[in-house]
1. Looking only at region C:128-155, count how many residues are more than 7 Å from chain A (Cβ to nearest Cβ), part of a loop (DSSP other than H, G, I, E, B), touching a strand residue (DSSP E or B) at 6+ places or on another chain (Cβ under 7 Å) and surrounded by 21 or more Cβ atoms within 10 Å (Cβ to Cβ).
2. Given the criterion more than 9 Å from chain A (Cβ to nearest Cβ) and free of Cβ contacts under 8 Å to residues at least 12 places away in the same chain, identify the matching residue among C:Leu25, C:Leu17.
3. From the set of residues in region B:78-108 that are facing another protein chain (nearest Cβ under 8 Å) and surrounded by 24 or more Cβ atoms within 10 Å (Cβ to Cβ), which is farthest from B:Leu174 (Cα to Cα)?
4. Name the residue that is surrounded by the most Cβ atoms within 10 Å (Cβ to Cβ), counting only residues in region C:42-62 that are in a helix (DSSP H, G or I), in contact with a Cys (Cβ under 9 Å, 6 or more places away or on another chain) and modelled with pLDDT of 95 or more.
5. For region C:181-200, which residues satisfy the criterion of being facing another protein chain (nearest Cβ under 9 Å), in contact with a helix residue (DSSP H, G or I) (Cβ under 6 Å, 6 or more places away or on another chain) and surrounded by 21 or more Cβ atoms within 10 Å (Cβ to Cβ)?
6. Going residue by residue through region B:247-256, is there one that turns out to be in a loop (DSSP other than H, G, I, E, B), modelled with pLDDT under 95, within 14 Å of chain A (Cβ to nearest Cβ) and touching a helix residue (DSSP H, G or I) at 6+ places or on another chain (Cβ under 9 Å)?
7. Kindly evaluate C:Ala161 against the criterion of being of a type outside the set (Asp, Glu), assigned to a helix (DSSP H, G or I) and more than 25 Å from A:Cys34 (Cβ to Cβ).
8. I'm checking my understanding of the structure. Among residues of region C:63-88 that are facing another protein chain (nearest Cβ under 7 Å) and part of a loop (DSSP other than H, G, I, E, B), which one is surrounded by the fewest Cβ atoms within 10 Å (Cβ to Cβ)?
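The values are calculated or read from the model by the stated rules, or taken from the named source; none is laboratory data. Just so it is clear, the structure is predicted and the values come from calculations on it, not from any experiment. Cβ placement follows ideal geometry from the backbone for every residue including glycine, while neighbour counts extend to all protein chains displayed.
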Amino acid sequence: MSIQSKSLIIAGALTAALCSVATVASAEDAMEKCFGVALAGQNDCKAGEGTTCAGTSKVDFQGNSWKFVPAGTCMTMELPADGAGMMRNGAMEELMRDLPEA
Amino acid sequence: MFDYAQGLPAKPGVGYKPQHFQAILDNANPVGWLEIHAENYMGAGGRPLAQLRHLVERFPISVHGVGLSIGGEGPLDRDHLQRLRHLCDWLNPASFSEHLAWSTHDGAFLNDLLPVPYTMVTLARVADHIDEVQEALGRRMLLENPSTYIAFAETAMGEVDFLSEVARRTGCGLLLDVNNVYVSGTNQNYDPVGYLDAFPLHLVGEVHLGGHHEDSDDHGKRLLIDSHGAEVLGPVWELYARVIDRAGPLPTLIEWDNDVPDWPELAAEAARAARILEPVG
Amino acid sequence: MNQSLFAAALLDPDAPLPRGIIDPLGRPAPKRFAVYRNTVASSLIDALKAGFPTLVKLLGEEFFSAMALVFLRAHPPKSRILMLYGGDLPSFLEEFQPVAHLGYLADIARVDQALRESYHSADSAPLPEADFQQLLGQDIAALRLTLAPSLRLVRSRWPVASIFAANHAGGPAPKPAAEDVVILRPEFDPAPHLLPTGGAEFIAGLLAGKTLGESLDLATGPIDLAAILGLLIAGRAIVGVTK
């Protein structure tokens, strides 16, 4: 495909995209944007739960002592254990993950 | 040198929590200033920094570091010092404070304020580190007395003597955490009143008040945990009133980091501190 | 006191206590030392819970906390800034035998982590609409787009977008499918979006600095370019254009 015809395809797609999206300008740092959820753990200077909790427990997940069983929503997700049948077009692909910041 | 006693107002402040942003803007009374943990504002952008841009226009800010590891055996982290410098240059805070503690070793950050033995060796190391911090930031810092649970066989001097000597050598000020005095006094078998009477109150630029929980040690003895997860308890208020009576009004922070209450309950704690500050103010 | 031994004993409950740690009467004080062990463990478990909410829903709190304890002892934070702690958790999950039957967990952890990275990323202003209109008259295939620093791409052979939606937005039970998601943060709240076919290859091309034409060539099979560009524009994720 020539670069000109590619440009036509891309320009057509961009035109369609611009029509479908209402681009609304928002005031930089508008106060209402600041109301909302905080994500992620916070650094603190408090102490934990005293002398009896996680810190002293000895968990060995490779031996026979691992006694925990997943008990969340994964119990109701019926997906094949090995991901069989979920390949794109049946082909192996290099997975790209966690791309660095642009 | 900048006078930090004039930096923060001698009013109650609170540790800033993002869930209180709107309430604080609506009506912060009687809270007159806010403290942030430096490390929570070292991201590149987004809501945390946007909130802080609004708050710094309205309130004096105290930057309280929790990750510098001033008591660490290893050298201070230059990158972290630079990040602190960047934050302080942006906010021009009324106060910068850190802890007499260590938290990083061999590249692992342990996320706790760990104790140091009070010896001449530790004293020299801590003083060197504080010199480095004050030079890097271009400002005087306050050093906070810790809450501790264990003692060290090698400890050779009292905590008040240790802090006083660090301040004398470095010119730093002190942050007096009254709850920590009560917690450590109980845990280490000393009288908090005697500790406070010996404390160099003229060096104190800020006071901390917080809640603690009760547990017990290896021999069933009462052991207090500095949990910051409840209201300030009676004995701590009494010690605080004694400090203010002797020193006059001081900037006073309510620290509540765990099971954080709604704003009215936190503001009520600040109001209680304000009532102790006012009669002498 | 030796801080190496102290630190090692914090992370290993079988390690001996460093010598010289005593109570005020000079007696050994293992239970007092446990206060520090517990603060390290419980504070880092809390940070991981806050950082990986979808994993917590999938596994339940009890399992997640036990798993987090194994993780934090092997991978304590390398940074003093906790907000991004847990970058090693996805690869840890791929090797963690008790969840070997839940192959999708590692990629869900990648989505949770990418959301948090996006939340703390630098702010950016989207390209104004007039600038887009100007592009239409140019040799557009030779141009390169700059994408927002808060954009993240997670590719998976699992239905990660559907699993996420089922856990956060009351979506239907996921069906077996490979799904790619792009995380966009139009203001301050990042959200994952399912990408149509070819979308991930195209966006990866743009992120790598390729031209629009080259990025289009990377997509195999049919590609709904209008839908992909619409998603990026609505998400305020196109922030610049260069030749």
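1. Residues that pass the stated criteria total 1.
2. C:Leu25
3. Per the stated criteria, the residue is B:Thr104.
4. C:Leu59
5. C:Arg185, C:Phe188, C:Pro190
6. No; the residues of region B:247-256 include none that is in a loop (DSSP other than H, G, I, E, B), modelled with pLDDT under 95, within 14 Å of chain A (Cβ to nearest Cβ) and touching a helix residue (DSSP H, G or I) at 6+ places or on another chain (Cβ under 9 Å).
7. yes
8. Selected residue: C:Lys78.
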